[in-house]
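Scroll down for the structure; my scribbles are underneath it.
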Amino acid sequence: MSTSSIGPIDVALLEFPEHTPTGEVAAELVAATDAGAIALYDVIAVRKRVDGTVEGFELSELDGGEFAMSVFAGAQSGLLGEDDVAEAGSVLVPGSIAVVLVYENTWAAPLTTAVHRAGGELTASLRIPAQAVSDQLDALESAL
């Protein structure tokens, strides 16, 4: 597969209080994958215990609701490893868990291909957290 046929790749860390994720989280990931919006490359689970100890654990421990997180157990491209477990743990609140995702924005692959065919390159990318955008829009609405 040439890089011109790959959309931008993102890494996301979804943090939850211990044992909070429900089947709804997995269902939304399944829906995004089934719709072709994303392709999951890696999914790992990380726990930071109250004492600060960080460990990876099995996705099956996050099973709950209609869809189980273990459905993503096969999403292991090798892009994430033990060093990523430690790095994710370094930003987690003690007593929390996280799911770390590496995914391709497959919706953008045709755009990426067109840019490359035109001689262009994606030279920078920035992700603005949804909460920051929501807060700004709320502030603008309040000012009206």
ask   = In the Gaussian network model of the chain, springs joining C-alpha atoms below 10 Å, which of T106, T53, T123 carries the largest mean-square fluctuation?
value = T123
Acute angle (nearest 10 degrees) that the helix 23-34 long axis makes with the longest principal axis of the chain, alpha-carbon atoms = 20 degrees
key: Point-charge dipole on Cβ atoms (K/R +1, D/E -1) for the chain, about Cα centre, debye to 20   = 440 debye
Solvent-accessible area, 1.4 Å probe, carbon plus sulfur percent, for the stretch 24-144 = 57 percent
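Tell me, what is the FRET efficiency for A143 and A31 to the nearest 0.05, using R0 = 35 angstrom and their Cβ-Cβ distance as r? List each step's numbers first, then the result.
Working: r = 35 Å, r/R0 = 1.01.
Efficiency, from the Cβ-Cβ distance: 0.50.
Considering only the other residues whose Cβ falls under 11 Å of the Cβ of Y41, what net charge follows from Lys and Arg at +1 and Asp and Glu at -1? Mind showing how you got there, number by number?
Details: positive: none; negative: D10, D42, E104.
Result for the local shell: -3.
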key: For the stretch 87-102, Karplus couplings with θ = phi - 60° (6.51, -1.76, 1.60), whole Hz, Gly/Pro x   = 5, 4, x, 5, 9, 7, 6, x, x, 10, 10, 8, 10, 9, 10, 10
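What order do E61, E121 take when sorted by accessible area (1.4 Å probe), most exposed first? Let's see the in-between values first.
On the way: E61 90, E121 125 Å².
Reading off the accessible areas and sorting them downward yields E121, E61.
The values are calculated or read from the model by the stated rules, or taken from the named source; none is laboratory data. Being a predicted model, the structure only gives us computed values, none of them experimental. Every residue, glycine among them, receives a Cβ derived from its backbone with ideal geometry; neighbour counts consider all protein chains shown. Only protein heavy atoms, including side chains, enter the accessible area calculation; ligands, DNA and RNA are left aside. Shrake-Rupley method; radii C 1.70, N 1.55, O 1.52, S 1.80 Å.
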